[in-house]
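To start, the structure itself, in structure tokens.
The values are calculated or read from the model by the stated rules, or taken from the named source; none is laboratory data. Not measured: the values here are computed from a predicted model. Cβ placement follows ideal geometry from the backbone for every residue including glycine, while neighbour counts extend to all protein chains displayed. Keep in mind that these areas ignore ligands, DNA and RNA; they rest on the heavy atoms of the full protein, side chains included. Shrake-Rupley method; radii C 1.70, N 1.55, O 1.52, S 1.80 Å.
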Amino acid sequence: MTFAPSSLPATEPPLDCPRCPRLVDLRHEMRAQHPEWWNAPVPAFGDPQAWLAIVGLAPGMKGANRTGRAFIGDGAGALLYGTLAKFGLAHGTFTGSREDDITLDGAIILNAVKCLPPGNAPTPEEVRTCRPFLEGQVDALPTARVYIALGQVAHQSVVKVLGGKLPKARFEHGAVHRVPDGRVLIDSYHCSRYNQNTGRLTAEMFESVFAKALELRPS
């Protein structure tokens, strides 16, 4: 099996990261059921010189947890990579396979939680425990001045990592938040298949977030 390497290798947790017992138990369960899957913390994917960082919640079971590539293999990825391509931030052919030749230009994808959580829902403690890895990756991206948070949990982690204040930076789709050092966070509903199917997030709504990011891109 081949998996895409991390774009920020020095910042990644070990493949058998022991920090969250519940996530470790699920990882072992998944390895027993699907030994051909990735079943490990999912690495950052994209351009290490990115001006735009997209932060998701956590790997999906049949998406990144299976393929080892952020947002590759599920319905969320189809919308995300299609949108990135539309704005010139992704190149290559997207089929949802880990063998895709997709590359990102000016953008990178991170997650608030590195490992698959049961029911796609990490606990607050798991989010806090994994935050040092997000902090390390943000520190390794000095040219990333615009962030997009996919969902409220990612929003909360990004605000804390960037040094903002949550009471002043409330999550709302399309909201723009500036942190003290001038970096910008834009909120979006998560591009999950559930949000797409229920109409909570449309392609037009998602694209508007990326259009706003391009408007705010530093010159």
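Only Lys, Arg, Asp and Glu carry charge here, each on its Cβ (+1 for the first two, -1 for the last two); on that basis the range 1-159 has a dipole of about 240 debye about its Cα centre. Ignoring lysines fewer than eight residues from Lys114 along the same chain, the ones with Cα atoms less than 16 angstrom from its Cα are Lys62. Two numbers describe the Cα atoms of the range 95-219: Rg and Dmax, which are 14.7, 42 Å.
Look at the alpha carbon pairs under 8 Å that are at least 6 residues apart: their mean separation over the length of the range 105-187 gives a relative contact order of 27 percent.
Computed over the range 102-176, the P(r) tail beyond 14 angstrom holds 63 percent of alpha carbon pairs.
Note that the range 24-128 presents 36 Å² accessible area per residue, ligands and nucleic acids not counted, probe 1.4 Å. When the convex hull of its Cα atoms is viewed from all sides, the range 60-124 shows a mean projected area of 4.5 nm². Under 5 Å between amide hydrogens, built in the peptide plane, is the criterion, and for Asn111 it picks out Gly56 among residues at least 5 positions away or on other chains.
Each Cα pair under 8 Å and six or more residues apart adds its sequence gap; the mean of these over the residue count of the range 1-51 is a relative contact order of 53 percent.
Go ahead and run the numbers for FRET between Lys168 and Thr202, Cβ-Cβ distance against an R0 of 35 Å, rounding to 0.05. Rounded to the nearest 0.05, the efficiency is 0.80.
Atom-type composition of the exposed protein surface of the chain places 53 percent of the accessible area on carbon and sulfur (1.4 angstrom probe). Modelled spin labels at Arg22 and Phe87, positioned 7 Å past Cα toward Cβ, are 3.2 nm from each other.
Residues of the range 6-20 falling in the label zone of Arg128, defined by backbone nitrogen less than 11 Å from a point 7 Å along Cα to beta-carbon, are absent.
Here the chain is described by how far its Cα atoms reach on the three principal axes: 47, 36, 36 Å, from widest to narrowest.
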